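Engineer: Before I ask anything, let me first share the structure, which is written out below as structure tokens.
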Amino acid sequence: MEAIEKGGVTSPKGYKAAGIHAGLKKKKKDLALLVSDTPAVAAGVFTRNVVAAAPVLYCKEVLKAPHVRGLVVNSGNANACTGDQGLENARAMGAAAAAAVGAEPEEMLVSSTGVIGYQLPMDKIRAGISAAAEQLSAGHGHDAAKAIMTTDTFSKEIAVRFPLGEATVTVGGMSKGSGMIHPNMATMLCFVTTDCAIGKECLQGMVSDITDRTFNMITVDGDTSTNDMLLVLANGQAENPEITGPADEGYAAFYDALYLVCRHLAIEIARDGEGATKLVTVQVSGAASLADARIAAKSVCSSNLVKTAVFGEDANWGRILAAVGYSGISFDPYGVDIAISSAAGSIQVALRGTGIGFSEEEALKILKEKEITFEIRLSEGSASATAWCCDFSYDYVKINASYRS
């Protein structure tokens, strides 16, 4: 597996992108277009929020088709809670993008992110799509990644490649997300491209499984968005033998590449949480089942008390144990060990569910780093899981107290 320097969604063969300022935001780029030169199979997962935005509903329809040609994304307006008009606008957005790139209307996926409850300014959307279509290029993937951002402080991109027989397969991706992050499938959008030849059902199975291991294991603030989606396009231009199931050559290698891309993008969302100063990794081992391990890890990541303690660089391990305790899993509280580690070292803070003497000075040194890991060892079995979050700072409240303005 090889990482591609400055790689992104246009690193695989046959993809072009553009990112422009269409006027939905005051100055920054706010509309992205991503197109495959040839038809691509597509898979996706979406928010489980009952209040789902119009683009989510529309994309579920589009994914029933055997192929797509690309997607169009706007930021600055979520097109959520906009009724029948919002759904019509999502369809019109897809149709405008299709016409601009020579595709059929039902071949374009649509995504939006931003403020809830406002109709899209379709005159700006249509003009923006036309402008973006004129700028489509394999060299504009980074512009597209910038255009999908809202409160993000940096773009999130990655691409990797690996040999598959006589072919070389590439997987690239971009995501956005900083606040309203608590995936139940984060506001989270992620778009992944590949030139791998793979069956639609096989791809969907991989995407669903990998989502549970990556995007569903991050949280910033406990809020599940109305617009969350992960879309993966595969156009087959690597010309490898088509992958249709686990027994096929290349299945494991492609799964690993897709997992690596999604894991990286998920972690970058957690790292860029609104107001965040630290990335937190929570590793749970010794659980009775994988489900228990995931529940426990996510419970710790979701604890505001844990996250504020991290911001304050306070080794308050009791909050960690308490979060496991109310997670809903069954375990022996006197069989839990807890350690805290970072680039500055590692220190055990609890043994068999009880506090032990440890150096507060050493713990503070560890917690001053930008990346912190909590290691929680249960005594129930051999299952393990990892989740990611960030700390809670004063700036999170400042950002969200004035989001609309």
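The values are calculated or read from the model by the stated rules, or taken from the named source; none is laboratory data. Quantities reported herein were computed from a predicted structural model and do not represent experimental measurements. Neighbour counts run over all protein chains shown; Cβ positions are idealised from the backbone, glycine included. Note: areas computed on protein heavy atoms with side chains; ligands, DNA, RNA excluded. Shrake-Rupley method; radii C 1.70, N 1.55, O 1.52, S 1.80 Å.
Engineer: In Å³ and rounded to a whole number, note down the convex hull volume per residue for the Cα atoms of segment 276-405.
Structural biologist: Cα-based convex hull of segment 276-405, divided per residue, equals 96 Å³.
Engineer: For the chain, which cysteines have no disulfide-compatible partner, meaning no other cysteine Cβ under 4.7 Å?
Structural biologist: That list is Cys59, Cys81, Cys190, Cys196, Cys202, Cys262, Cys390.
Engineer: Kindly state, to the nearest 0.05, the FRET efficiency for Thr277 paired with Ala247, given R0 = 51 Å and r defined as their beta-carbon distance. Could you put the intermediate results ahead of the total?
Structural biologist: Details: r = 47 Å, r/R0 = 0.91.
The value I calculate is 0.65.
Engineer: Determine which lysines satisfy two conditions relative to Lys60: a Cα distance under 16 Å, and not lying fewer than 8 residues away in the same chain.
Structural biologist: Lys200
Engineer: Here's something else I'd like to know. So what's the net charge close to Lys28: Lys and Arg +1, Asp and Glu -1, counting the other residues with Cβ under 15 Å from its Cβ? Could the numbers behind the result be given before it?
Structural biologist: Values: positive: Lys25, Lys26, Lys27, Lys29, Lys124, Lys146, Lys176; negative: Asp30, Asp143, Asp152.
Its environment carries a net charge of +4.
Engineer: What is the P(r) of segment 91-232, as percent of Cα-Cα pairs per 5 Å bin from 0?
Structural biologist: 2, 8, 14, 19, 21, 17, 12, 4, 1, 0, 0
Engineer: Another question, if that's okay. Quickly work out the Glu360-to-Lys6 label distance, labels modelled 7 Å from Cα along the C-beta direction, and quote it in nm with one decimal.
Structural biologist: Label at Lys6, label at Glu360, 4.9 nm between them.
Engineer: For the chain, what does the helix formula give at 222 nm: sum of -39500 (n - 2.57) over DSSP H segments with n ≥ 4, over the residue count, nearest 500 deg cm²/dmol?
Structural biologist: When only DSSP H runs of four or more count, the value is -10000 deg cm²/dmol.
Engineer: With a 1.4 Å probe and all protein chains left in place, how much accessible area per residue does the chain have, in Å²?
Structural biologist: Per residue, the chain has an accessible area of 40 Å².
Engineer: Are there any chymotrypsin sites (Phe, Trp or Tyr not before Pro) in segment 321-375 that are in a DSSP loop and have at most 10 other Cβ atoms within 10 Å? List them by number.
Structural biologist: In loop regions of segment 321-375 (DSSP not H, G, I, E or B), the sparsely surrounded chymotrypsin sites (Phe, Trp or Tyr not before Pro) are Tyr326.
Engineer: Please list 3J(HN,Hα) in residue order for segment 360-375, calculated via the Karplus relation 6.51 cos²θ - 1.76 cosθ + 1.60 where θ = phi - 60°; whole Hz, with x for glycine and proline.
Structural biologist: Each residue of segment 360-375 in turn: 4, 5, 5, 4, 4, 4, 5, 6, 6, 6, 7, 10, 10, 10, 9, 10 Hz.
Engineer: Roughly how many percent of the accessible protein surface of the chain is carbon and sulfur, given a 1.4 Å probe and a whole-percent answer? Intermediate values should be presented prior to the final figure.
Structural biologist: Working: 8020 of 16020 Å².
So the carbon and sulfur contribution to the accessible surface is 50 percent.
Engineer: Tell me, what is a quarter of the convex hull surface for the C-alpha atoms of segment 330-405, in nm² with one decimal?
Structural biologist: Value for segment 330-405: 7.4 nm².
Engineer: How many percent of the alpha carbon pairs in segment 25-97 exceed a separation of 20 Å?
Structural biologist: Values: 880 of 2628 pairs.
The share of Cα pairs beyond 20 Å in segment 25-97 comes to 33 percent.
Engineer: Do the alpha carbons of any pairs in Lys146/Lys298; Lys6/Lys370; Lys16/Lys368 sit beyond 31 Å of each other, and which pairs?
Structural biologist: Lys16/Lys368
Engineer: In whole Å, largest first, what are the principal axis extents of the Cα atoms in segment 343-383?
Structural biologist: 32, 23, 10
Engineer: Using only the alpha carbons, work out the radius of gyration and Dmax of segment 5-133 in angstrom.
Structural biologist: Rg and Dmax of segment 5-133, Cα atoms, are 13.9, 43 Å.
Engineer: Also, I was wondering about something else. If you scale each eigenvalue of the Cα gyration tensor by 5 and take the root, what three semi-axes come out for the chain, rounded to whole angstrom and sorted largest first?
Structural biologist: In descending order the semi-axes read 38, 25, 18 Å.
Engineer: Still on this structure, I have one more. For segment 1-38, state which trypsin sites (Lys or Arg not before Pro) are in a DSSP loop and have at most 11 other beta carbons lying within 10 Å of their beta carbon.
Structural biologist: Here the trypsin sites (Lys or Arg not before Pro) that fit, given the DSSP loop and packing criteria, are Lys6, Lys26, Lys27.
Engineer: Moving on to the next point. GluC sites (Glu not before Pro) within segment 327-373: which are DSSP loop residues with at most 16 other Cβ atoms inside 10 Å?
Structural biologist: Hits after loop and neighbour filter: Glu369.
Engineer: What aspartates and glutamates sit close enough to Lys278 to cross-link, taking a C-alpha to C-alpha distance under 12 Å and skipping anything fewer than 8 places away on the same chain?
Structural biologist: Correct list for Lys278: Glu268, Glu313, Glu369, Glu371, Asp391.
Engineer: Quick check: the distance between the Cα centres of segment 343-404 and segment 106-127, to the nearest angstrom?
Structural biologist: About 39 Å separates the Cα centre of segment 343-404 from the one of segment 106-127.
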